[in-house]
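The values are calculated or read from the model by the stated rules, or taken from the named source; none is laboratory data. Owing to the predicted nature of the structure, the values given are computational and were not obtained by experimental measurement. In this analysis, Cβ positions are derived from the backbone assuming ideal geometry, glycine residues included, and neighbour counts consider all displayed protein chains.
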Amino acid sequence: MSSGSLDISPDADTFRILVATDNHLGCEEQDPIRGNDAMRTFEEILVIAKTANVDFILLGGDLFHQNKPSRQCLFDTMQLLRKHCLGDRPISFEMLSDPSTVFHARQCCNYEDPNINISLPIFAIHGNHDDPSGSGGHAALDILDSANFLNYFGRVENISEFCVNPILLRKGTTQLALYGLGSIRDERLHRTLVSKKVSWARPNQDPDQWFNLLVLHQNRTRHSLVYKNCIPESLLPNFLDLVVWAHEHECRIELEESAEGRFWVTQPGSSAATSLCAAETVKKHVGLVEVRGNNVRLTPIPLQSPRPFIMEDIVLEDFARDLPNRSDTVATTSFLHARISSCIARATVEFPRPAGIEVGASEWLPLIRIRVNCQGYQPPNIHRFGQEFIGRVANPDGLIQIMRKQNTGGSRRTKVDRLVLEVDEDGTENRTKIEDLVKDHLSTGNKALGICSELDLADVLERFVSKGDGRAIEEYTLSRLSSVQAQLKAADNVSSDNIEELARNSTQAYRDQQADENTREEQRLQQERDRLQALLNAEDDKGSESEMMGDDEVTQPAPAQRSSTTTKRKASAVLNLSQPAASGQNRSRPRSRRQ
């Protein structure tokens, strides 16, 4: 494998960090065509790291696609780590913090272990796919950590209240505080952050002389202040300099200023397509982050090995002239076959086989997805549709997706709601989650639980169903039972006649506390909705006035899409790193971040 031309100049004071997220090793591993896609790209990332002479790799979660990866997947992963991460290359930085405060089960970084030679350190957090679960609460990353192949950090034991301790690293005169926060259910983490139950430890001496980097694995949206199933940037601490945002699969690798201008954000995106959605069509990248002093530069590095992916949306109504007979499924199928063939030809032109990577013929077959709005037409048989394209595409059984008219409930959506739909590309805003059904079912009539909270049980059920954690319900029930028993022991006048009533009262008090927290959140969120709606209305008024005056620019770009003029002005005082790559981005701290 070849990673192309990279700046590999050594610098005694500059951290060189390769950031990658959402590798999803083991995804589609049973597929005879796509089974090795994620593993092939992960090896390319390791080769890029070695070629670029980085100090370490930072992985943002979802290294594995399954909570319990197969033996074959674990074996292949460990083989790659053994091949590319072991060696005699010296490590040019040192760790200053106490390992017991940042690592779950180790007493030192793996490169400091005298029993193994690590040439390429890896620091990794877990994601929502490979989070800790089951008896003992271990994650798949614990296995790699125990084998000394990587350093697993960012784990939280008590979600209700916790402290995030940084890994303190030093290279020459540059000091780096590396914060990690593994995946936590967004609603729970949002509630904990709003309640100010999360503390962030900082270095004791000269905290402002440290560059503060956070990697987290949570939902992120363009207008994230409105929702509680994601983490708004406003809830993150002010002292941060750079946030590596994982979990979102769309690649937005370039540095973006946060919504309030306090820090920079990079969203590397997934390294391999795990679903056939629009976010996965964006060109895949990893990022080379260079930190010197309090300044940062990010150089996007395009990945060469991800499989080509072409996606189109078609409304059959727009082609009524070509399809006059709406009940003729043969004509509709032939029309869609022609569109698929056109996409295959387009993929051949737009995605030539990379010269520096050994890729077999089947490994470069394109992924094709056409989303078809068949309203008014008889849809084709999707089960037999792709048979004609076997051997020409990588996903013959998933070439088309029939889109249905979404039910909006007859209510008129506000402008903010329409913005939500633009962000939610998979239509997930209308999906009914199993935990919501459970919560609604248990909160009606006389079905209320005795010692368990319906809100907590929804979280536990999600672990049981999605993560395969067979003991999740048992462990939670025993935990709640112990809590209620402790309260009953501390209470007076407990007898066999009133013990059940006291237990229910204790549980109801716990529910009321959760309800109060949710109410406060909703009030704050409503204020943010009103503020955002007012801003949008003001922009509309300004745009209407500009159109009347004949101005070219109507509205100011959103913070995530600001013009390069603003970027260059803020970066003018940046220390010039050695031999900057043409595609790199130098960044000083956003001016409004701190005085």
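Here are some notes:
- Where a residue in the range 137-164 is free of Cβ contacts under 8 Å to residues at least 40 places away in the same chain and its partner, wherever it lies, is loosely packed, with under 15 Cβ neighbours inside 10 Å and of a type in the set (G, A, S), with Cβ under 7 Å and at least six apart: D142/A105; C163/S199
- Pairs where the first residue, in the range 272-288, is within 11 Å of I310 (Cβ to Cβ) and the second is part of a helix (DSSP H, G or I), C-beta under 8 Å, 6+ apart: L276/G398
- The residue list R339, R297 contains one member that is closer than 30 Å to L176 by Cα and of a type in the set (K, R), which is R297.
- Residue match in the range 384-397 (condition: within 28 Å of the chain's Cα centre (by Cα) and among the polar types (S, T, N, Q)): yes
- The residues of the range 363-412 that are modelled with pLDDT under 85 and of a type in the set (S, T, Y), listed by number, are T408, S411.
- Here the range 292-317 is the region considered, the condition is being under 30 Å from G35 (Cα atoms) and of a type in the set (D, E), and the residue that is surrounded by the fewest Cβ atoms within 10 Å (Cβ to Cβ) is D313.
- Qualifying residue in the range 57-69 (condition: over 17 Å from A147 (Cβ atoms), in contact with a Leu (Cβ under 9 Å, 6 or more places away or on another chain) and surrounded by fewer than 17 Cβ atoms within 10 Å (Cβ to Cβ)): no
- Counting the residues of the range 156-180 that are touching a Pro at 6+ places or on another chain (Cβ under 7 Å) and surrounded by fewer than 22 Cβ atoms within 10 Å (Cβ to Cβ) gives 1.
- Taking (1) modelled with pLDDT of 95 or more; (2) part of a loop (DSSP other than H, G, I, E, B) in turn, P90 satisfies each apart from (1).
- Those residues of the range 98-112 which are in a loop (DSSP other than H, G, I, E, B) and under 27 Å from the mean Cα position of the chain (by Cα), in sequence order: V102, H104, A105, R106, C109
- Per-region count, the range 287-344, residues in a loop (DSSP other than H, G, I, E, B) and in contact with a Gly (Cβ under 6 Å, 6 or more places away or on another chain): 1
- Taken together, the residues in the range 129-155 that are under 20 Å from the mean Cα position of the chain (by Cα) and exposed (fewer than 15 other Cβ atoms within 10 Å of the Cβ) amount to 0.
- Test: residue in the range 63-70 that is hydrophobic (A, V, I, L, M, F, W, C), in the same structural domain as R185 (by TED's automatic domain parsing) and not in a loop (DSSP other than H, G, I, E, B): yes
- Screening the candidates A259, A320 for the property of being surrounded by fewer than 20 Cβ atoms within 10 Å (Cβ to Cβ), modelled with pLDDT under 90 and under 20 Å from the mean Cα position of the chain (by Cα) yields one hit, A259.
- Any hit, the range 73-81, residues being more than 27 Å from the chain's Cα centre (by Cα) and of a type in the set (F, W, Y): no
- Residue in the range 277-285 that is within 28 Å of K171 (Cβ to Cβ) and part of a loop (DSSP other than H, G, I, E, B) present: no
- If you go through the range 130-143 and keep only what is in a loop (DSSP other than H, G, I, E, B) and closer than 15 Å to A20 by Cβ, you end up with just D130.
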